[in-house]
Amino acid sequence: MSFSISSLIPWGKKSESIINARDLYKEIFGTTNSKSGVSVTWRNALHVSTVFACARVIAEGLAQVPFKLYKKRSSGRGSDIADDHSLYELLYLRPNEWQTSFELREQIGLHLAIHFNAYVYKVRGLRGEIVELLPFTPESVRIVRDGWDRRFEVYDGKGGLIKVSCENMWHIRGPSWDGVIGMEAVKLAREAIGLSLAAEEHGARMFSNGARTGGVLSTDSTLKKETLDELREAWQSMQGGNENAYRTAILHGGLKWQSLAMTGVDAQHLEQRRFQVEEICRSARVMPIMIGHSDKAATYASAEAMFGAHVKYTLLSWYARVSQSASVNLLTEVERKEGYYPKFVVNALMQGATKDRADYYTKMCNIGAMNPNEVRDLEEMNPYEGGDEYRVAMNTEQPGGTSTEDPDNSDKQGNDNGDTAS
């Protein structure tokens, strides 16, 4: 079997210059040092609480609302749930033998948030219909491109490659530079994540060393190497660690202690860590309040507006991206022409606010847009007889109705009675 080093480098990166063997190793295995000196990969990026929280916000946002298949009515107005289609249960409830729809979409969301790529294999039945959706991890999939033709190579974890055609792979892309593969989110935010990792390690080491970052024991005397080693070990055992913090040190033999570093407060350590939270949230396009990082001046009204902005400016773009990708990749052209389409039921996000739901239902019923049984259905309540009628307020017309009074006839009657317009 022919083998070349260039085949290991992901498509689209072969034009980048590889300076030495270390750079080649980093390209192959996805490890890249940030300017802070910390190696940043998707694995250790998840250990940053802000990165993981942002990924969870996006993933759970995709998973917590129902994902259903609909079909437009032949009249062209309105649509119905297409629960008679084989794809309906895969999207809404059970995509494969071991996952629920929530779990699969949560996994897809994590992959998109971290890698900007998600790969799902389409298992087909005897008639070519999709009967199962199996997710692959992004790091195990490689896209091979020949012009605009694509195929996928999946590493099976046992030293082998599985070749998958484009027709049998559901590839969901995040923001993409070339339109073929999504840009890697962790690499784009490498510096912010690297600095956050460095600050976290700095804080951990500061406390593990008794809340001091380091210093020097000095003396005018000449000490042997054995004496220096014993002195260093004795000092560390008595002064290092949180359990020894603030203990009184007794120096003898002319020893003197001199601190060489600033304290955490002097270095504005806490302010730096707070700023990194905002930097990572900015790169993930997630509002800081959604991960528990809020301004002390925030009020209930402003927080509520931020929650609404999160749905509008963060989640809606992901809903559109995934639903359109599902429509193109999971439905045939004939099915799309017949009116089938997948959709996230975003109204389910209102389930947490009883007052907001009540206000929304009241307004929709007052204008005749919803009937009582439709409201009861959304609230998981049984319908009642007569609840399918649309009703409006007393001071407005019946939906679709016309006025029973003819203004022309009224004018004629008024003139016949001898009344004149003033």
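Things worth noting here:
- A Cβ distance below 9 Å, combined with a sequence gap of six or more or placement on separate chains, defines the contacts here; from the stretch 93-119, residues that are among the aliphatic types (A, V, I, L, M) and surrounded by fewer than 20 Cβ atoms within 10 Å (Cβ to Cβ) reach residues that are modelled with pLDDT of 95 or more and not in a helix (DSSP H, G or I) in the pairs 93/100.
- Test result for residue 390, surrounded by fewer than 17 Cβ atoms within 10 Å (Cβ to Cβ), without any contact (Cβ under 8 Å) to a residue 40 or more places away in the chain, of a type in the set (Ser, Thr, Tyr) and not assigned by TED's automatic domain parsing to the domain that holds residue 85: yes
- Selection status of residue 325, in a helix (DSSP H, G or I) and closer than 30 Å to residue 175 by Cβ: yes
- Only one of the numbered conditions (1) modelled with pLDDT of 75 or more; (2) not in a helix (DSSP H, G or I); (3) not acidic (Asp, Glu) is violated by residue 399, and that is (1).
- Restricting the stretch 344-387 to residues that are among the small types (Gly, Ala, Ser) and under 32 Å from the mean Cα position of the chain (by Cα), the residue that is modelled with the lowest pLDDT: 352
- Flag for residue 26 being in the same structural domain as residue 309 (by TED's automatic domain parsing) and either modelled with pLDDT of 95 or more or of a type in the set (Lys, Arg) (or both): no
- Of the candidates 45, 82, 53, the single residue that is in contact (Cβ under 8 Å) with a residue 24 or more places away in the chain and more than 30 Å from residue 272 (Cβ to Cβ) is 82.
- Filtering 173, 127 for residues that are within 20 Å of the chain's Cα centre (by Cα) and among the basic types (Lys, Arg) leaves a single hit, 173.
- Residue match in the stretch 312-323 (condition: closer than 30 Å to residue 52 by Cβ, surrounded by 14 or more Cβ atoms within 10 Å (Cβ to Cβ) and of a type in the set (Gly, Ala, Ser)): yes
- For the residues 283, 317, the requirement of being modelled with pLDDT of 90 or more, in contact with a Leu (Cβ under 8 Å, 6 or more places away or on another chain) and part of a helix (DSSP H, G or I) singles out 283.
The values are calculated or read from the model by the stated rules, or taken from the named source; none is laboratory data. Every value quoted in this text rests on a predicted model; they were computed, and no experiment measured them. Cβ sites come from the backbone with ideal geometry, for glycine too, and all protein chains shown count toward neighbours.
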